[in-house]
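Structure, as structure tokens:
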Amino acid sequence: MMKILLLLGFVAVALAEVTRFDGEKVFRLKPVIDEHVLLIKELANSMEVDFWSPESADLVTIDIDVDLHVPAAHTDMVYTILQQSGMETGVLIEDLQAQMEEQLDNRTPDPRTHSYTKYNSWDKIQAWISSISSSNPDLISRQVIGNTYEGRPMNVLKIGKKSSSTKPSIFLDCGIHAREWISTAFCQWFVKEALSTYGSDSEMTGLLNQMDVYVLPVFNIDGYDFTHNSNRMWRKTRSRMSGSSCIGADPNRNWNAGWCTTGASSNPCSDTFCGSSPESEIEVKNVADFIRRNKSSIKAYLTIHSYSQLLLFPYSYTFQLAEHHSELMTVAEGASKALRSLYGTEYTSGPGAATIYPAAGGSDDWAYDLGVKYSYTFELRDTGRYGFLLPESQIKPTCEETMLAVKYITSHVQKNLY
Ligand code: DDK
Ligand code: ZN
Ligand code: ZN
């Protein structure tokens, strides 16, 4: 018995270990010739570096900004090599650990309570899901669509005026990628706004009378919890695979849409690992099953990521234009304009492959090919000043402006229902 207790003690200590990022930097590189691109790929091969944007070495091309997180031991050498190559190189973040600690506002008054203007832990979000879904039975209900790899329940909130018949609907998810905390904050904000402006805001009232919005507040719960408790920079799921010691697959490369053909890696250690097969990740399978089951009612699919300030739509697995390209583009431009009207935040819109990078196996392409015409991926603030470490003081303005874009899209969807 004692032995078992001791062993459990060790396991607990091991689990509680937190990765620190002292002295680590994030560089912004501007490759303009093939040699620069090659150099970046060589660097990535020869040492542990973490690609912030684009999300892996395979996605690096000429004329795109490359945001690269480099461990402390290599920063001087990397900087020297880059300088010598003549590539324009800037420092986005001087000390990642210091920046991380700055991201969180003063943890007052009560760090235990949920707040819409803070980055809440999974435990707090889970408690929030329970309380909010029983707060107004006429407008909100919840259902569990399955468990995550580590056994956490995935709750989908259904928001809309209760009706005896099936209403047309919109599916919204946040937190596919663990470290993109502003995304997760947005879904909570959306739910709050929907409930609190129903009855006063005519657009929201009309939306919720005519349609239901399914909200998945945290898609990749295991990963999200890991970013709070162990490694802030984790992106993938937390699944184990036989034959590799590396953990997790990219839940935005794991969908059955041109799966693993471009902009994804078959290396389990990569941050863009596509998984062992389409829907190998249980979280992806659970959501795909839910969308398939409700396919006839779902008219729009919205998925929230960060960072880059982009509003993307299919396709990402091919450069071919989607059948509804011009309508999708017009709506994206209208939504970006609505977003910009509040604080002047500039968004770029376009199909994924041409606007950010080719990337197969994404949720938006999959939903679109299933028949969900209005399929959009948001990349929220910022453009790299803080990257994934967007300060909590920006949660409110970011969510407010994003609401305008989301409502612009939902209005368009509503107008085109019949
Ligand atoms: O998954 C990615 O790499 C970004 C968000 Se972090 C989105 C890429 C475009 C949409 C892929 N279908
Ligand atoms: Zn993402
Ligand atoms: Zn992103």
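Any read-out appearing in this document is the output of simple, stated calculations on the displayed coordinates, not a laboratory observation. Bear in mind the structure is a predicted one, so any value in this text is a computation, not a measurement. Cβ coordinates were reconstructed from backbone atoms using ideal geometry, including for glycine residues, and neighbour counts include every protein chain displayed.
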(message) At a 10 Å Cβ-Cβ cut-off, how would you order Asp364, Asp369, fewest neighbours first?
(response) Asp369, Asp364
(request) With a 10 Å radius around each residue's Cβ, average the other Cβ atoms per peptide and rank 122-128, 80-86, highest first. (result) 122-128, 80-86
(request) Any chance you could run the full-extension gain for Asp65 through Cys246? It's 0.36 nm times the residue separation minus the Cα-Cα distance, nm to one decimal. (result) 62.4 nm
(request) Evaluate the relative contact order of the chain (contact order divided by residue number), counting alpha-carbon pairs under 8 angstrom at least 6 apart; express in whole percent. (result) 16 percent
(request) Sort Tyr301, Tyr79 so the one with the fewest other Cβ atoms within 10 Å of its own Cβ comes first. (result) Tyr79, Tyr301
(request) Filter the cross-link list Lys236/Lys407; Lys167/Lys192; Lys124/Lys415; Lys167/Lys407; Lys192/Lys299; Lys162/Lys415 down to pairs whose alpha-carbon distance in this structure exceeds 27 Å. (result) Lys236/Lys407; Lys124/Lys415
(request) Excluding Glu400 itself, calculate the net charge of residues whose Cβ lies under 12 Å from the Cβ of Glu400, where each Lys or Arg counts +1 and each Asp or Glu counts -1. (result) +2
(request) Return the sequence-ordered ³J(HN,Hα) values of the stretch 306-319 in whole Hz as given by the Karplus equation 6.51 cos²θ - 1.76 cosθ + 1.60 applied to θ = phi - 60°, using x for Gly and Pro. (result) 8, 10, 2, 6, 10, 10, 10, 8, x, 10, 10, 7, 8, 7
(request) Would you mind telling me which residue in Val78, Val372, Val37 has the biggest mean-square fluctuation in a Gaussian network model of the chain, where springs connect alpha carbons within a distance under 10 angstrom? (result) Val78
(request) Select from Gly175, Ala264, Val213 the residue farthest towards the positive end of the dipole of the chain; place +1 on Cβ of Lys and Arg, -1 on Cβ of Asp and Glu, and compute about the Cα centre. (result) Val213
(message) Taking amide H atoms as placed 1.01 Å from N in the peptide plane, list the residues 5 or more away in sequence, or in a different chain, whose amide H sits under 5 Å from that of Trp52.
(response) Asp67, Leu68, His69
(request) Arrange the following residues from fewest to most other Cβ atoms within 10 Å of their Cβ: Leu43, Leu404, Leu208. (result) Leu404, Leu43, Leu208
(message) Report for the chain the percent antiparallel among DSSP-assigned beta bridges with both residues inside it, nearest 5.
(response) 50 percent
(request) Determine the gain in length on full extension of the stretch Ser163-Thr19; use 0.36 nm per residue of separation and subtract their C-alpha separation, reporting nm with one decimal. (result) 47.0 nm
(message) Can you compute the helix-only [θ] at 222 nm over the chain? Use -39500 (n - 2.57) per DSSP H run of at least 4 residues, normalise by all residues, nearest 500 deg cm²/dmol.
(response) -12000 deg cm²/dmol
(message) When a/c reaches 1.5 or more, the comparison of a/b and b/c decides; with that in mind, is the stretch 263-418 rounded, prolate or oblate per its Cα gyration tensor?
(response) oblate
(request) Search the structure for amide H atoms under 5 Å from the amide H of Ser349, placed 1.01 Å from N in the peptide plane, and list their residues when 5 or more places away or on another chain. (result) Leu311
(request) Would you mind putting 87-93, 71-77 in packing order, based on average other-beta-carbon counts within 10 Å, highest first? (result) 87-93, 71-77
(request) Please sort 209-219, 345-355 by packing, taking for each peptide the average over its residues of neighbouring beta carbons within 10 angstrom, highest first. (result) 209-219, 345-355
(message) Under a Cβ-only charge scheme (Lys and Arg +1, Asp and Glu -1), can you give me the dipole magnitude of the stretch 283-373 about the Cα centre, in debye to the nearest 20?
(response) 260 debye
(request) Amide H neighbours of Ser265 under 5 Å, at least 5 residues apart or on other chains, H built in the peptide plane: list them. (result) Thr272, Phe273, Cys274
(request) With 10 Å bins from zero, work out the P(r) of the chain over every alpha carbon pair and list the percent per bin. (result) 5, 22, 33, 26, 11, 3, 0
